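Values quoted throughout were computed directly from the atomic coordinates according to the rules given, and no laboratory measurement underlies them. Predicted, not measured: the structure shown is a model, and the values here were computed from it. When we count neighbours, we look across all protein chains shown, and the Cβ atoms used for this are built from the backbone with ideal geometry, even at glycine.
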Amino acid sequence: MDQNQSNLAVRKLLAKYSHTDPDDWFLTFRARFGMATCFQAIYDIYGSGEVITQPYTCITAINPILVSNLKPVYADINPETLSINQPEKVYSSKTVAIVLQHTLGIIGDKSQKIANFAKKHRLILVEDSAHCLARMAKDDSGNTLADISVHSFGVEKVLQYTKFGGAIYVNPSLKKKNAKLYEEITSHLLNLPHPPLSLDLRSRTYRFQNGILHRLPNSMMHDARSLAYKAHIFEPAVAPYEQNAEQTQPFSSTKFINNTILKHLPTLPAIYKRRLKNTRLYNKKLANNYDYKPLANVEEPLLAYPILFEDAASATKVYDVLTSSGFFIRRWYSPLLYPGPNSNRRYNYSPKMAPIAEEIHTRVLCLPTDLTPDKMDRILAILRPTEKPVEKILKKQAK
Ligand SMILES: Cc1ncc(COP(=O)(O)O)c(C=O)c1O
């Protein structure tokens with residue numbers, strides 16, 4: 001399919017899965033480019049101002065605020081949702097927008113409160129659904145709460161094989177709320193330039209190159225990756241300059257990215273079915289143990305399932321056991337503003353701003369939810385506390 005046909009086909013699928021209109025979706029080369037386009041439009045209309053967000057996130061979700069000349073201010077997180085809490089503590093007369101991130105795809109019931117807060121203070125509500133492709137927070141009547149919703153096809157997101165691509169949903173109700181902003185955002189998203197040929201090429205070869213890099217011994221992989229990046233032949237998920245509050249200009253999606261998405265997006269219902277099943281299984285099997293605490297007790301198809309350990313050393317021990325058993329465990333988001341800024345100052349961040357996020361980030365492990373049933377059995381056998389003999393005896397007697 002050509003660029004226009006494939007763009008429409010992707011938007012139609014996103015609209016189908018999210019019960020929205022294809023015309024309200026806009027495709028970008030990466031989600032961070034869509035975010036930057038929206039924040040730039042907010043800056044153009046409102047001038048310089050503050051955006052409430054959280055440090056328990058990827059640096060690529062903060063750079064779009066900074067490159068748009070807006071200032072990120074950080075609210076701490078609720079440890080049960082790993083998401084923004086009590087934004088009123090950092091609200092000021094300069095606040096123009098608030099980011100509601102569904103960390104690991106945990107939407108839960110946190111969103112209406114944040115939407116009410118945004119409405120009360122006339123803030124633009126930007127939903128970060130990078131971890132829950134085509135899923136958005138809705139009100140009781142099924143209306144999308146956010147003004148702008150950000151979705152990603154990037155590395156380590158819901159679809160495993162796409163690697164590039166972002167999608168921005170612009171709520172048509174923004175037209176009534178702020179027609180000028182709506183026009184500014186949508187016209188810029190529609191007119192994003194195509195990426196240069198070199199970047200297009202790097203996106204086409206990413207999977208092949210990454211496959212080769214992963215076959216190298218760990219000690220060599222890092223150097224080879226860095227050499228390939230320096231030779232401008234490899235496009236990493238987060239480039240070194242991005243840890244410096246920098247980002248390239250935003251680009252549109254491409255024919256290659258759209259067609260790759262089209263190959264994999266139809267599997268989304270099946271992927272979510274598996275992730276939901278495994279989330280439920282973790283909820284059931286990992287509850288009530290002394291070694292760690294499952295964090296999010298939700299029935300949703302999570303991108304990964306977070307568990308919290310007493311201390312960082314215990315988390316690291318279990319991390320080592322699980323990874324050496326072949327499981328891919330994420331330590332999101334550790335360090336905060338992952339993979340860590342070169343200077344907190346550039347990000348207007350100080351650890352005092354988010355004591356909960358600072359305190360828990362090294363103690364969280366994110367378990368995979370895309371495992372086959374036999375792999376789930378294996379990981380649960382490692383994680384589940386063995387039954388105590390007394391419990392076994394009592395269970396037998398009860399039968
Ligand atoms: C929470 C969050 N938001 C936004 C992004 C940006 O997504 P993309 O990689 O498509 O630019 C990421 C990914 O790194 C993320 O983890």
Exercise for review: At 37 °C and 0.692 mPa s, grab the translational diffusion coefficient of region 267-398 from Stokes-Einstein with a Kirkwood Rh over Cα pairs, rounded to a whole number in µm² per second.
Suggested key: 199
Practice item. Provide the convex hull volume over Cα atoms per residue for region 217-317, in Å³. Key: 208
**Study point:** Calculated over region 197-249: convex hull of Cα atoms, volume per residue (Å³)
**Key:** 78
Exercise for review: Project the alpha carbons of region 1-107 onto their principal axes and report the range along each, largest first, in whole Å.
Suggested key: 48, 35, 22
Study note, to complete from the structure: Cα-based Debye curve of region 174-275 sampled at q = 0.20, 0.21 Å⁻¹ gives log₁₀ I(q)/I(0) of -1.14, -1.16
Review point. When the dipole is taken about the Cα centre of the chain, and only Lys, Arg (+1) and Asp, Glu (-1) are charged at their Cβ, what size is it in debye, to the nearest 20?
Key: 920
Point to revise | For region 295-365 versus region 128-188, the gap between their alpha-carbon centres in whole angstrom | key: 25
Review point. Can you give the angle from 0 to 90° between the axis of helix 312-324 and the longest principal axis of the chain, with both taken from C-alpha atoms, to the nearest 10?
Key: 90
Review point. Roughly what angle does helix 255-264 make with the longest principal axis of the chain, taking Cα atoms, 0 to 90 degrees, to the nearest 10?
Key: 30
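Considering only DSSP states other than H, G, I, E and B, which GluC sites (Glu not before Pro) in region 225-318 qualify as loop sites with at most 14 other Cβ atoms within 10 Å?
Values: sites: E242, E246, E299, E310; in loops: E246, E299, E310.
The qualifying sites are E246, E299, E310.
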Check your understanding: Quick one: what does P(r) look like for the chain with 10 Å bins over all Cα pairs, in whole %?
Key -> 5, 22, 33, 27, 10, 3, 1, 0
**Study point:** Helical mean residue ellipticity (222 nm; -39500 (n - 2.57) per DSSP H run of 4+; nearest 500) of the chain
**Key:** -12500 deg cm²/dmol
Exercise for review: Please give, to one decimal in nm, the separation of the simple spin-label points placed at R346 and D44, each 7 Å out from Cα toward the Cβ.
Suggested key: 2.6
Practice item. Compute the longest continuous run of the chain that contains no exposed chymotrypsin sites (Phe, Trp or Tyr not before Pro); treat a site as exposed when its DSSP state is not H, G, I, E or B and it has at most 13 other Cβ atoms within 10 Å. Key: 1-160
Check your understanding: Which ordering of L192, L104, L125, L8 is given by a fewest-first count of other beta-carbon atoms within 10 Å?
Key -> L8, L192, L125, L104
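Charges at C-beta only: +1 for Lys and Arg, -1 for Asp and Glu. How large is the resulting dipole of region 267-398 about its Cα centre, in Debye rounded to 20? Before the final figure, lay out the partial values.
Details: 22 positive and 13 negative charges, 58 e Å.
Charge dipole of region 267-398: 280 debye, to the nearest 20.
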Review point. Roughly what angle does helix 197-215 make with the longest principal axis of the chain, taking Cα atoms, 0 to 90 degrees, to the nearest 10?
Key: 10
Point to revise | At 1.567 mPa s and 4 °C, Stokes D of region 3-190 from Kirkwood alpha-carbon radius, µm² per second | key: 79
